[in-house]
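The values are calculated or read from the model by the stated rules, or taken from the named source; none is laboratory data. Just so it is clear, the model here is predicted, and its values are computed rather than measured. Side chains included, ligands, DNA and RNA excluded: accessible areas come from the protein's heavy atoms. Shrake-Rupley method; radii C 1.70, N 1.55, O 1.52, S 1.80 Å.
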Amino acid sequence: MSIDCELLSLLRANPRITVLTGSGVSAESGIPTFRDAQTGLWEKFSPEELATPAAFLANPSLVWRWYAWRREIIAKAQPNPAHFTLARMQARIPGFTLLTQNVDGLHQRAGSVDVVEYHGNIMRSRCSRPGCLPDAPCGEGEPPPCPACQAPLRPAVVWFGESIPAYAHLKATEASEDCDLFIAIGTSAMVYPAAGLAELAKSRGARFLEVNLDKTPLSRLADFRLQGPAARMLPELEQALWPSVETP
Ligand code: BV8
């Protein structure tokens, strides 16, 4: 794969880089993307139907079991070369911020630090009563009761119709406003406000690289595109940048 030499010179000029990942980065770890049809028991539901406060209110047990099914898949998954490459890039580039829409925690397991989890983390649970426990241990039950107030626990993710946690929103906005290069990897750019971050970066003068299997609504904004699987594209980008680096 030949990489745009303008992109390589930009990457070599110690730029401030903000990366936004979506479920396409975890696809090669065996975690279904949101666009992939759900399988088995869950094939008759769409994620948008289940990942909402209304769905949880109406049928907490169904929603809890959907998340338990996803947690099981994630617990068995391993980070893939895309995750590891991003962790190495973060270690080598001082002004590197990683934002993720993914809730699987694979970036952290690959060694990335200070990951901004824009939509939370599926492996953590919190009390469904606002202001109660923000992080609670899971006991028995589908869903288990909060150990503090007995209200149902819920996964610590951001559902459709819920606001982005203030800290994540602030960090992501700042990192998108103040970067030289914004990189969107494995996201269909369908969900807002995450999908608006690339446009925000561009409006502040950043260049934009999109890494994806296909085109997306963001492709028209891209200064550079790497079309292909992230687990191959990112290691190849790393090799072109730093030929000596040993990628396992
Ligand atoms: C908000 C956590 C303000 C949960 C997720 C009506 C009422 C309220 C809000 C709205 C509304 N209508 C619209 C909205 C806004 C709404 C929204 O955007 N809806 C969409 C459906 C139109 N957004 C919200 O509600 C957000 N909050 O607006 O707050 C507010 C508050 C109250 C009232 C009004 C407004 C909150 C959204 C957060 C939802 N939570 N996740 C959980 O996981 O269960 S979203 C979830 O879906 C993911 O986190 C991610 O963000 C999204 C999936 O997108 P992708 O990651 O991009 O994945 P996808 O499968 O789509 O695409 C994969 C891509 O990878 C593809 O492009 C594919 O080509 C590529 N790919 C595949 N394999 C590879 C690859 N690329 C490279 N390599 C590969 N191997």
Note to self: Kirkwood Rh of region 43-159, Cα pairs, one decimal, Å, is 15.5
Region 82-148 accessible area per residue, 1.4 Å probe, protein heavy atoms, integer Å², reads 43
Among beta bridges assigned by DSSP with both residues in the chain, the antiparallel ones amount in percent, to the nearest 5, to 20
For Lys202, counting only lysines whose alpha-carbon sits under 26 Å away and dropping same-chain residues fewer than eight positions off, the answer is Lys171, Lys215
Cα-Cα pairs in region 152-204 separated by more than 14 Å, as a whole percent of all pairs, come to 60
Restricting to aspartates and glutamates and to Cα separations under 17 Å from Lys76, and discarding same-chain partners fewer than 8 apart, the set is Glu28, Asp104
Measuring from the longest principal axis of the C-alpha atoms of the chain, the long axis of helix 60-76 (C-alpha) lies at a number of degrees, nearest 10, equal to 40
Distance in Å, no decimals, from the C-alpha centre of region 173-235 to the one of region 1-64 is 14
Across Thr52, Thr33, Thr85, the residue with the highest GNM fluctuation in the chain (Cα network, 10 Å cutoff) is Thr52
Restricting to Cα pairs under 8 Å and 6 or more apart, the percent relative contact order of region 37-189 works out to 19
Whole-percent carbon and sulfur contribution to the accessible surface of the chain (1.4 Å, no ligands, DNA or RNA) stands at 56
Residue by residue through region 204-212, the couplings from Karplus 6.51 cos²θ - 1.76 cosθ + 1.60 with θ = phi - 60°, in Hz, x for Gly and Pro, are 9, x, 6, 7, 9, 10, 10, 10, 7
Note: region 104-248, point scatterers on Cα, Debye, no solvent; log10 I/I(0) at q = 0.14, 0.15, 0.18 Å⁻¹ equals -0.82, -0.90, -1.12
Sorted largest first, the Cα spans of region 6-107 on the principal axes come out in Å as 52, 26, 21
With x for Gly and Pro, the residue-by-residue ³J(HN,Hα) of region 13-26, computed from phi through the Karplus equation 6.51 cos²θ - 1.76 cosθ + 1.60 at θ = phi - 60° and given in whole Hz, is 8, 6, x, 7, 10, 10, 10, 10, 9, x, 5, x, 5, 9
For region 101-170, the Debye formula with one identical point scatterer on each Cα and no solvent gives log10 I(q)/I(0) at q = 0.11, 0.15, 0.24, 0.27 Å⁻¹ as -0.29, -0.53, -1.07, -1.18
Per GNM of the chain with C-alpha springs under 10 angstrom, the most fluctuating residue out of Gly186, Gly131, Gly22 is Gly131
Taking N as the number of residues in the chain, the ratio of its alpha carbon radius of gyration to 2.2 N^0.38 Å works out to 1.04
Taking Cys149, Cys127 and ranking on accessible area (1.4 Å, protein atoms only), highest first, one gets Cys149, Cys127
Percent relative contact order for region 122-208, counting Cα pairs under 8 Å at least six residues apart, stands at 21
When the chain is treated as a Gaussian network with springs between alpha carbons less than 10 Å apart, the largest mean-square fluctuation among Glu140, Glu117, Glu49 is found at Glu140
